[in-house]
Amino acid sequence: MYVAYSQGYKGGGFNLRYVAPVRAVVPFDAEKVRTWEAGIKSEWFDRRLRADVAVFTTNYDKMQLTEYQELGAPLTVNAGARGFAAANLNSWQHHSMVWSFTTVLESCRRGTHL
């Protein structure tokens, strides 16, 4: 069984390319992210069945994205608060030297802060 928390930071800055339609220095704010994850890894029946379950969530504040303006010029902008949550189940069954089966189930939800 495990639980993890992490946070990250990507500094803000300035777009310095002078390309139409933007002909000025355009600032963007720092991005912050927080992530939680919890799960369990298990083995059963003399290691013939393995099952792993995990859930996690990630939340961004002032998420940085790159937009491509006219003429293909990249422009870094802040997209605001975004987040997603997910859960997954992985299982592996070993039946013989020839046969084994793997199963993966996943679900993901996205939106503003979760």
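Descriptive notes on the structure:
- Of all residues making up the stretch 37-49, the number that are under 25 Å from the mean Cα position of the chain (by Cα) and closer than 15 Å to residue 100 by Cβ: 0
- Qualifying residue in the stretch 61-68 (condition: loosely packed, with under 11 Cβ neighbours inside 10 Å and among the polar types (S, T, N, Q)): yes
- Taking the listed residues 87, 73, the one that is under 30 Å from residue 26 (Cα atoms) and among the aliphatic types (A, V, I, L, M) is 73, with no other qualifying.
- Residue 54 at pLDDT 95 or above, out of contact with any Cys (no Cβ under 8 Å at 6 or more places or on another chain) and either of a type in the set (A, V, I, L, M, F, W, C) or farther than 30 Å from residue 109 by Cα (or both): yes
- Number of residues in the stretch 61-86 that are in a strand (DSSP E or B) and either out of contact with any Lys or Arg (no Cβ under 9 Å at 6 or more places or on another chain) or acidic (Asp, Glu) (or both) equals 7.
- Among residues of the stretch 86-103, those that are at pLDDT 85 or above, more than 18 Å from the chain's Cα centre (by Cα) and not small (Gly, Ala, Ser), counted: 8
- Residue pairs meeting the criteria (Cβ under 6 Å; at least 6 apart or on separate chains; first free of Cβ contacts under 8 Å to residues at least 60 places away in the same chain, in the stretch 23-47; second assigned to a strand (DSSP E or B) and of a type in the set (Gly, Ala, Ser)): 33/8; 35/6; 37/4; 39/54; 42/51
- Scanning the stretch 87-114 for residues that are in a loop (DSSP other than H, G, I, E, B) and either touching a residue at least 12 places away in the same chain (Cβ under 8 Å) or surrounded by 14 or more Cβ atoms within 10 Å (Cβ to Cβ) (or both) yields 95, 112, 113, 114.
The values are calculated or read from the model by the stated rules, or taken from the named source; none is laboratory data. The model shown is predicted, which means the values in this text are computed figures rather than measured ones. Methodologically, a virtual Cβ is constructed for each residue, glycine included, from the backbone with ideal geometry; neighbour enumeration extends over all protein chains shown.
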